[in-house]
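The values are calculated or read from the model by the stated rules, or taken from the named source; none is laboratory data. Just so you know, these numbers come straight off a predicted model, no measurement behind them. As a convention, Cβ positions derive from the backbone with ideal geometry for all residues, glycine included, and neighbour counts pool all protein chains shown.
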Amino acid sequence: MKRVLFFMLAVIVLASCGTKKEAEQDKVFKVGEILAKGDSLANDTVFVTGIVDHVCKHGGKKMFLVGSTEDERLRIDLGEGDLVFKQELIGSTVTVKGTLVELRIDNAYLDKWEQEVKADSIAEAASKVHMGEPGHEQNEGNSNADIEKINDLRAQVKASTKGYVSFFSVDCLSYTTEPEKK
């Protein structure tokens, strides 16, 4: 009898854990919530909603959602293929379904980025962390701006108890726009 009760209890606990995980995946998060819970949601399929602040002009493969503060900024990436984000999305509220990806920036990553910047001051470094900051287009190819960003990130890594800082982005599977309110 004790074995049966123990087995039933174990089944209930395991079933409730699965239900909670499924509920998290079906929830539509705001940008700030995704950033706050990023560690626990990394590599999961998520739904996130926010206002499109920027669409990259170089191919339309990246857009940036903002939340309720300027620090709440999330990059949305499209993979290969014909689909692109259009400039007309700027200012729209969108809901994105995709995989949450974590990029961990540590000193080794920053060393590599710095070497890329110093090796070719004209091209954009492959390791550059692109977050669609306002005015970033004017700094493209500006190695001084990249070195300044690297030094800022080095200070953040040094202050971190984890030895790295995380940047989160979403690999977009699909998205929808909210209709304009009249």
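I want to confirm something. Restricting to region 130-148 and keeping residues that are polar (S, T, N, Q) and surrounded by 12 or more Cβ atoms within 10 Å (Cβ to Cβ), which single residue is modelled with the lowest pLDDT?
We begin by selecting, within region 130-148, every residue polar (S, T, N, Q); these are 138-139, 142-144.
So of that shortlist, the ones also surrounded by 12 or more Cβ atoms within 10 Å (Cβ to Cβ) come out as 139, 142-143.
Details: Asn139: 50, Asn142: 64, Ser143: 75.
For region 130-148, the residue satisfying everything is Asn139.
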Problem - Looking only at region 39-59, and only at residues there that are among the hydroxyl-bearing types (Ser, Thr, Tyr) and assigned to a strand (DSSP E or B), the one that is surrounded by the most Cβ atoms within 10 Å (Cβ to Cβ) - result: Thr49
Practice task
Could you give me the residue pairs with C-beta distances under 8 Å whose first residue belongs to region 149-163 and is surrounded by 10 or more Cβ atoms within 10 Å (Cβ to Cβ), whose second residue is aromatic (Phe, Trp, Tyr) wherever it lies, and which are 6+ apart or on separate chains?
Solution key: Ile150/Trp113; Val157/Tyr164
Exercise for the section: Report, by residue number, each residue of region 142-170 that is within 24 Å of Glu33 (Cα to Cα) and β-branched (Val, Ile, Thr). Expected result: Val157, Thr161, Val165, Val170
Problem - Candidate set from region 60-98 (those that are basic (Lys, Arg) and surrounded by fewer than 19 Cβ atoms within 10 Å (Cβ to Cβ)); member that is nearest to the chain's Cα centre (by Cα) - result: Lys97
Exercise for the section: Could you run through region 60-118 and say how many residues are part of a helix (DSSP H, G or I) and of a type outside the set (S, T, N, Q)? Expected result: 12
